[in-house]
Amino acid sequence: MATFKYSNRVPADGTDAVGAILAAAADPSIISFAGGLPAPELFPVEAMKKAAEAAFDEHGQQVMQYGDARGVAAMRELVTKIVKEHENIDAKDENICMTSGSEQILELAAKALVNPGDTVLVEDPTYLCAVDAFKSYGANLVGVPTDEDGLIPAELEKTVQAHPEAKFLYVIPTFQNPTGRTMPAERRKQVAELASKYDFLVFEDNPYGDIRFEGEHVDAIKSYDKTDNVVYMGTFSKILSPGFRLGYFVADPGFVKKFTVLKQTADLGTDNLVQWCTVKFYEQNDVNEHVKQISDLYGQRKKLMEEGMKKYFPEGVTYTHPEGGMFLWVTVPGVEDTTELFETCLKQKVAFVPGEPFYAAKPEPGHLRLNYSNMKPDQIEEGLKRLGKALEEAIAANK
């Protein structure tokens, strides 16, 4: 039997939180509030078929040939227009790089910037796949405290002063994963100013920002960046197709060049067909109307989820009230281990994401993440009924 001598980047205990989430989401017998899956009934399949035909008819040889590792020029041009129109970010072609999903940005950013033992700052809690990516390169993660308005700038400054060696901050300011919270404009401006003052990088991840069903839009942290200390990350996964694996970032040209060298060793370049299909889709369709349909549906499902939690959850259980995105964050008093609760709920055919994997170091007890975008109304009702029963039992057992 072969012996596989794994590197330190492979978890020694075989832990695969994301795999468990996806497995639960794929089981048709389980009502899953776990994975961050878009509603498949809103995928623009027919419109994308027409876009693909146009891509092959007009750019067939380019579609099938090797391409620029930074991405198709027409795709980069589209991104410059999107970030200006949606986030008030002024960008030129030299600032843009297309990627194989935003996940690749996390992986290659860690590869580019993190040596074993280097300090990386994250919101506490934060996106669990970012935690995994940074830790896989030996990062020492330090959590920055948050409140109902997201990351607290005063706490960020204290943390930076305590860790002047920190390589970068990773933050999701709009409809944050896992909490669903949104950082106000004044805080975003302060984060950009602190990054300039103390000269650290900020990776601003915005996968959910277009999906707003309440409240007013808030411009990106990058829009306040005057010193190129902010790297803005975007993706088409939540508004077009997660299966396309199409992301991008906007950054200082020097960083783009360094990143591109690493990207070439990873995949030579992002899928040309996906990029051309996306370009043609934007040319042929009213994308704002498509995104509005998504936002309206998710808003309805979020409302149903809140109504169901009021109806079925035990007294004392609290949750966030997102104005957009795909998630909300639940706090269950008296429950220490939500991973154990997850296993119990699977037996009752309902799933969520335990709160523990979202923390940089020691997790706060009693938290879990729920997704409302992927389940139909009747599933939301029944799933919350099952989950409420499990929460009642867990709270009673811990008294």
- Message: Rounded to whole Å, give me the distance from the Cα center of the range 132-182 to that of the range 207-266.
- Response: 17 Å
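Which order do Phe255, Phe56, Phe43, Phe236 take when ranked by solvent-accessible area (1.4 Å probe, heavy atoms of all protein chains), largest first?
The ranking, largest first, comes out as Phe56, Phe43, Phe255, Phe236.
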- Query: Asp286 accessible area, nearest 10 Å², 1.4 Å probe?
  - Reply: 100 Å²
- Item | Percentage relative contact order, the range 59-284, counting C-alpha pairs under 8 Å, at least six apart | 28 percent
- Message: To check you understand DSSP bridge types, tell me what percent of the beta bridges within the chain (both residues inside) are antiparallel, rounded to 5.
- Response: 55 percent
- Query: Tell me, in nm to one decimal, what length is gained between Phe4 and Asp93 on full extension, where the rule is 0.36 nm per residue of separation less the Cα-Cα distance?
  - Reply: 27.7 nm
- Item | Helical contribution to [θ] at 222 nm, DSSP H n ≥ 4, -39,500 (n - 2.57), averaged over the chain, rounded to 500 | -14500 deg cm²/dmol
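In what sequence, highest mean first, do 259-268, 75-84 appear when ranked by Cβ atoms within 10 angstrom?
Details: 259-268: 15.2, 75-84: 19.1.
Ranking, from highest mean packing down: 75-84, 259-268.
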- Message: Which one, Leu370, Pro184, Thr318, projects farthest toward the positive side of the charge dipole computed for the chain from Cβ point charges (K/R +1, D/E -1)?
- Response: Leu370
- Message: Is the C-alpha gyration tensor of the range 59-284 telling us rounded, prolate or oblate? Criteria: a/c under 1.5 is rounded; beyond that, a/b larger than b/c is prolate, otherwise oblate.
- Response: prolate
- Task: Would you rank Ile172, Ile395 by solvent-accessible area, highest first, keeping every protein chain in place and using a 1.4 Å probe?
- Result: Ile395, Ile172
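Measuring with a 1.4 Å probe in the full set of protein chains, what accessible area per residue, in whole Å², belongs to the range 59-284? Working shown, then result.
Values: 8840 Å² over 226 residues.
So the range 59-284 comes to 39 Å² accessible per residue, rounded to a whole number.
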- Query: Ignoring ligands and nucleic acids, what accessible area does Ser100 show with a 1.4 Å probe (Å², nearest 10)?
  - Reply: 40 Å²
- Give the label of the value calculated from the structure for Cα extents along the principal axes in Å, choosing from (1) 61, 45, 36; (2) 63, 59, 52; (3) 92, 54, 49. (2)
- Task: Sequence neighbours fewer than 8 away in the same chain don't count; with that in mind, list the lysines whose C-alpha is under 26 Å from Lys292.
- Result: Lys49, Lys50, Lys81, Lys84, Lys222, Lys238, Lys280, Lys302, Lys303, Lys376
- Message: Could you report the accessible area of Ile152 in Å², rounded to 10, computed with a 1.4 Å probe on the protein chains as they sit in the structure?
- Response: 40 Å²
- Query: What FRET efficiency would be calculated for the residue pair Glu392, Asp147, taking the C-beta separation as r and a Förster radius of 22 Å, to the nearest 0.05?
  - Reply: 0.20
- Query: Using the Kyte-Doolittle scale, which helices in the chain average at least -1.0 and also have C-alpha atoms spread 24 Å or more along the helix axis, with helices defined as whole DSSP H runs?
  - Reply: 377-397
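Does the range 273-399 come out rounded, prolate or oblate, given a ≥ b ≥ c as the square roots of the eigenvalues of its C-alpha gyration tensor, rounded meaning a/c under 1.5 and, failing that, prolate meaning a/b above b/c? Don't skip to the end; give the middle numbers.
On the way: a/c = 2.63, a/b = 1.95, b/c = 1.35.
Because a/c hits 1.5 or more and a/b exceeds b/c, the range 273-399 counts as prolate.
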- Length released on extending from Gln161 to Ala266, taking residue separation times 0.36 nm less the Cα-Cα span: 34.3 nm
- Message: If you restrict to DSSP beta bridges whose two residues both lie in the range 59-284, what percentage is antiparallel, to the nearest 5?
- Response: 40 percent
- Whole-Å distance, taken between Cα centres, linking the range 31-65 and the range 336-375: 31 Å
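Need the full-extension length gain, His321 to Lys81, defined as separation in residues times 0.36 nm minus the C-alpha distance. One decimal, nm. Each step should come with its number before you reach the end.
Values: separation 240, 0.36 × 240 = 86.40 nm, distance 3.08 nm.
Here the answer is 83.3 nm.
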- To the nearest 20 debye, what charge dipole does the range 59-284 have about its Cα centre, counting +1 at the Cβ of each Lys and Arg and -1 at the Cβ of each Asp and Glu? 560 debye
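The values are calculated or read from the model by the stated rules, or taken from the named source; none is laboratory data. No experiment lies behind these values; they were computed from the predicted model shown. As a convention, Cβ positions derive from the backbone with ideal geometry for all residues, glycine included, and neighbour counts pool all protein chains shown. With ligands, DNA and RNA removed, areas are computed over all heavy atoms of the protein, side chains included. Shrake-Rupley method; radii C 1.70, N 1.55, O 1.52, S 1.80 Å.
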